[in-house]
1. Other chains' Cβ within 10 Å of A:130-139 residues: what's the mean?
2. Using only Cα atoms and rounding to the nearest 10 degrees, what angle (0 to 90) does helix B:142-154 make with the longest principal axis of chain B?
3. Counting other beta carbons within 10 Å of each Cβ, put A:Tyr46, B:Tyr176, B:Tyr96 in order, fewest first.
4. Per residue of segment A:149-164, what does 6.51 cos²θ - 1.76 cosθ + 1.60 with θ = phi - 60° give for ³J(HN,Hα)? Whole Hz please, x for Gly and Pro, Karplus curve as stated.
5. What per residue convex hull volume, in Å³, do the alpha-carbon atoms of the protein assembly as shown yield?
6. So what is the relative contact order for segment B:184-310, in percent, with contacts set as C-alpha pairs under 8 Å and at least six apart?
7. With label points built 7 Å along Cα→Cβ from the Cα atoms of B:Ile253 and B:Ala212, find their separation and express it in nm.
8. Could you give me the percent of Cα pairs per 20 Å distance bin for chain B, shortest bin first, beginning at zero and ending with the bin that holds the maximum distance?
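Just so you know, all these numbers are worked out from the coordinates, no wet-lab data involved. What you are looking at is a predicted structure, and each value in this text was computed from that prediction instead of being measured. Note: ideal-geometry Cβ built from the backbone for every residue, glycine included; neighbour counts use all protein chains shown.
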Amino acid sequence: MVESRKRELSRIAYQIRRGALDAVYSAASGHPGGSLSIAEILTYLYFEEMNIDPKDPKKADRDRFVLSKGHASPGIYSTLAHRGFFPVEDLKTFRQHDSILQGHPDMKHIPGVDMTSGSLGLGISAACGMALGAKLNGYNNRVWTILGDGESEEGQVWEAAMFAAHYKLDNLCAFIDWNGLQIDGPVAEVMNPAPFEAKFEAFGWNVISIDAHNLDEIEAAVNAAKACKGKPTAIIAKSTKGKGVSYMENNVSWHGAAPKQEQYEQAVAELDAVIASLN
Amino acid sequence: MADKIATREAYGAALAEFGAKYDKLVVLDADLAAATKTGVFKKAFPDRFFDCGIAEGNMMVVAAGLSTAGFIPFASTFAMFAAGRAFEQVRNAIGYPHLNVKIGATHGGISVGEDGATHQCLEDFGTMRTIPGMVVMQPADAVEARAMVEAAIKHDGPCYMRFGRYAVPTLFGDDYKFELGKGIVMADGSDVTLVATGLMVEQALAARELLAADGIKARVINIHTIKPLDADLILKAAADTGAIVTAEEHNIIGGLGSAVCECVAGAKPVPVLRVGVEDQFGRSGKVPPLLEMYGLTAANIAAKAKEAIKLK
């Protein structure tokens, strides 16, 4: 990727982080940690890769995205807002009773949301159905999903993994946001799902491991996924939970908590400094 | 009309028939295609049939995903695993986003027979009825089952259909017309109304004969759509006859009986007695003695009708 484009996408990723933080702060609740960890992946998909049109969010042959780890809704909402599906200002209505921005993604009311999600383990199955449907329709479109590392403790993830390989859904790609933390603590201590690579390989998937914050690695993995025939691809993306806000990084207490005013101001200062440096 | 046929047989045949007419119709099963009869569709349209293996939760959400790509998926397994095991998937991935998924659940009720309690779903109307926007249906015979499948295809939104394993008599002729959400008055009467669904419609008609011998005139209503319930028809029956007996192959908690009670309680309160499985699990056995054992009989409906009339 050329440096200027990389710099631009990097800036967008930090703007997405800033929007996600604003949403959580306005709501005084929500899930910042796992939203911040997936900002580069969301940025790459929505600003570089996916065939989508904010003016025609339901067009039949579009690429699809399912946020299987639906609690990272501030991340996807901020991405959709910055991509033009709805005003960025609306992020401040997140989780309010009269807002379209539900606590977890709602496909019925939020432009750009392809699948309702939030109940863990379900999104990847929906993505399988979409990928199968894409093949039946002959549109040649692709389906992308992001799973949580903790989410993979759900048995249904592996039912879906079997299904995707069995039906050779090579138009399906699942990122695993391996940030290493879930609500009750380190994933490795709560219920260790590792090793992801060997598990997905054993289930018949093409497996790629990357740094979730490195846009070059994301691009290379996405291109490798698109080039792989006959198998779905799992991209094991090692990430930092809370990435970009110093006190949230690798701190499990920011899985599902909102910052207080002083903390918010510090986070804004940190994110804005990065954004300014990338202008 | 004397031939007996299980509604699951009619379901499989209907899928294969309508598969030719509706090219977006696809069918999913969870390793039970021989039992649910979706295998008939598989044979006719192998490219539009997807076995999901023994993984019902995944199957329901794959169906949800397919529906977002413009398909009309029928997802089939036993009622126990569709409405029980996969309840949360159905609720969150089909019901909440109101997706156009049709759930064809076979082996509903006690008439599963020999497999026993683990496979005799007596709770599905209850769980499915609590999902906003979910249509819940059960046919009384093969003719109604076929018509129900096409009505489900034409309906834009989630539908749960319960079909039976046990062969039942055909009640309807070729002129039968299915209207989603509308009950059918099978026979008129003024003293009491028998509201039945599925194979209990036959029992209700037999109960009407028993009551007639004692000079009691019973109206019989077939409810193929448990949700949305035909409130007008139920309330008219309440007003006209002043007493109701419901009959279903389901726990008396949560099913048709509950739905009828909910309907009349707020608008035209009359005595409602419920014939069904009385808050128990099923057990193994041949179907006729099981129906007898659990009171799912014409005689019990008739006895309950007399009690209900006394409560007027």
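1. Going residue by residue through A:130-139 and averaging, the value is 5.
2. Orientation of helix B:142-154: about 60 degrees from the principal axis.
3. Placing the least packed residue first, the sequence is B:Tyr176, B:Tyr96, A:Tyr46.
4. Residue by residue, segment A:149-164 yields 5, x, 4, 5, 6, 5, x, 5, 4, 7, 4, 5, 4, 5, 4, 4 Hz.
5. 155
6. 30
7. Distance between the two pseudo-spin positions: 3.8 nm.
8. With a bin width of 20 Å, the distribution comes to 37, 56, 7.
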